1. Starting at the first residue of segment 169-184, write each ³J(HN,Hα) from the Karplus equation 6.51 cos²θ - 1.76 cosθ + 1.60 with θ = phi - 60°, in whole Hz, x for Gly and Pro.
2. Give me the extension gain from residue 259 to residue 64: residue separation times 0.36 nm, minus the current Cα-Cα distance, reported in nm with one decimal.
3. For every other residue with a beta carbon closer than 12 angstrom to the beta carbon of residue 31, add +1 if it is Lys or Arg and -1 if Asp or Glu, then tell me the sum.
4. What dipole magnitude, in Debye to the nearest 20, does segment 174-283 give about its Cα centre under +1 on Lys/Arg Cβ and -1 on Asp/Glu Cβ?
5. What is the dipole size for the chain, taken about its Cα centre, with +1 at each Lys and Arg Cβ and -1 at each Asp and Glu Cβ, in debye to the nearest 20?
6. Put +1 on the Cβ of every Lys and Arg and -1 on every Asp and Glu Cβ in the chain; which of 76, 162, 122 then has its Cα farthest towards the positive end of the dipole?
7. Can you tell which of 195, 57, 94 shows the greatest fluctuation in a Gaussian network model of the chain with Cα springs below 10 Å?
8. Could you work out which residue, out of 165, 33, 116, moves most in a Gaussian network model of the chain, that is, has the largest mean-square fluctuation with Cα springs under 10 Å?
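Since every read-out is calculated from the coordinates, none of them should be taken as a lab result. Just so it is clear, the structure is predicted and the values come from calculations on it, not from any experiment. So basically every Cβ, Gly included, is an ideal-geometry build from the backbone, and we count neighbours across all protein chains shown.
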Amino acid sequence: MNRWSCLAAARRSERGPRWPFVVDGRRAGSIDAAGALALAAWPQWFGQATDGAWRLDVPAAERDAVFAEVNATLRAQGLIRAWRDEPFALWNEDGALAAVIERASSRFWGAQTLGAHINGYVADAQGRPQQLWIARRAWNKPTDPGRLDNLVGSGVPHGQTPRQAVCREAWEEAGLHPHELAGLTAGRVLELACDIPEGWQHEWLFVYDLGLAPGRVPQNQDGEVAEHQLLPIANALQRAADGEMTTDAALATLDFALRHQLLPAEEAQPLAAAFGALLVVPERAARFDPPVA
């Protein structure tokens, strides 16, 4: 089990305490010590309660503008990294929309984000996966440049479901047409809560599988993938377990391996127990990604 470093990485906390970030009386994220020091510059909008929790005191109609102003300053101070110019939702703990923020800022605010990945595989005549398509992230990506990834991986922007986001990215990252996604099937949903270089990652990762025909070679369209490799299952799993993949991609690959029973039983059993601690209850996940009829 120890060789799957992604399991420990999904719960790694190395930067000390974090305090709740509250909007309308409901938790919407968390703030670390550096963040708390920075927010003291805006006492008209942010305050800290006696229990340490930081609260936003701004009417709902004004929040997006306030976050835009604050995030621009935090970016200039180096506290927000890998700016994307992409809107992400800021939800409270009940799943209600509290504001719309810049994607990169979600790590500063400790906000819950959604990610979606596709395990692209080639199966034998009996339908058992034999090979996995692995992508190498472009060397100029703002996060994890050059690391190995799944066939398709995406953050989920405001206004899209995980399935919608991953279907859009399937064209951009792999050149897959809509009709080729008819066989897309949902795996499980995993929760990451960990320190990363950009801040605190609190993400629900929606995993999908997609069988590709032999000879169908993915073609990147947006410049964000350096190359695609078709690897034998054992090779792909080894590289995921050894930390060559991003944490998200390795977890999505492990989910695929466990569901399809691709690991020896003596390895799979202890892995399944540890992996279970990351699983999101399907009923909770469904509010963000309703089942396809």
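1. So the Karplus estimates, Gly and Pro as x, are 5, 4, 6, 5, 8, 10, x, 8, 7, x, 5, 7, 9, 4, x, 5 Hz.
2. 66.1 nm
3. Around residue 31, the charge tally is +4.
4. So the magnitude is around 420 debye.
5. 260
6. Result: 122.
7. Of the options given, 94 has the highest mean-square fluctuation.
8. Maximum fluctuation in the GNM of the chain, among the listed residues, is at 33.
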